[in-house]
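What follows is a set of notes on a single structure, which appears directly below.
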Amino acid sequence: MMENRCLKKKQRKEAIELPDDCREVLLHACCAPCSSAIVEWLMQHDVRPTIFYFNPNIFPLEEYETRKNESKRHAESLGIRWIDADYDHQRWLDSVRGHESAPERGSRCQLCFRLRLLETAKEAQRLGIKYFATTLASSRWKSLEQITIAGEAAATAVSTPSSQVVFWAQNWRKGGLQERRNQLLREYGFYNQLYCGCEFSK
């Protein structure tokens, strides 16, 4: 009996919950290493991912370009659609103004997630893709609660009765994906950044 309870607990911990009607997802990707295992899992479960690269928080521009090019290289190697939302760092700075000195997982991060996931939700609606998700939820340095709040608020903000979008709030650290991420990082020889991207966390 104890063994069965332990097994069920382990299964819950490792489970990734795929929405029943999800066959396509717009995946906001912060970088190639974080998206690699998620994309692989999606494709293995017959979900077609489209990568949406919107990360105006990344600084400096050279760092942004390096991460962007790695993300594009990964998508092209798999033959999946990749969308460049372009770079507007000033817009991001304006969105977090007054919160620059906030600690990690504080108000600055919440505002950052809100901006990035709102744009992702808008793009999902534009493309007619019901579900959107983010690779931010694969990082142990990020607050899943903050990400979920931002994602669900974004979905509510852009949804209409005739065009609903849904934030797929998933902990992408589960199911062995963190270990697989590290394997794919080595296999692809990805550039592996050492900070989240913004100058305040660096």
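The values are calculated or read from the model by the stated rules, or taken from the named source; none is laboratory data. No experiment lies behind these values; they were computed from the predicted model shown. For neighbour counting, all protein chains shown are included, and Cβ atoms are generated from backbone atoms with ideal geometry for every residue, glycine included. The area values use the complete protein model at the heavy-atom level, side chains included, leaving out ligands, DNA and RNA. Shrake-Rupley method; radii C 1.70, N 1.55, O 1.52, S 1.80 Å.
Below is a table of values for the structure above.
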quantity: Where segment 2-143 is the region considered: accessible area per residue in Å², 1.4 Å probe; calculated: 50 Å²
quantity: Separation in nanometres of the label points that stand 7 Å from Cα toward Cβ, at Asp46 and Tyr188; calculated: 2.5 nm
quantity: Helix-only mean residue ellipticity at 222 nm for the chain, each DSSP H run of n ≥ 4 adding -39500 (n - 2.57), per residue, nearest 500; calculated: -16000 deg cm²/dmol
quantity: About the Cα centre, charge dipole magnitude for the chain (Lys/Arg +1, Asp/Glu -1 at Cβ), debye; calculated: 660 debye
quantity: Pairwise FRET efficiency - Asn171 versus Ser101, Cβ, R0 = 30 Å, nearest 0.05; calculated: 0.55
quantity: Carbon plus sulfur fraction of accessible area for segment 1-156, probe 1.4 Å, in percent; calculated: 50 percent
quantity: Of all DSSP beta bridges in the chain, antiparallel share, percent nearest 5; calculated: 5 percent
quantity: Total lysine pairs whose alpha carbons fall under 21 Å of each other in the chain (8 or more apart, or interchain); calculated: 12
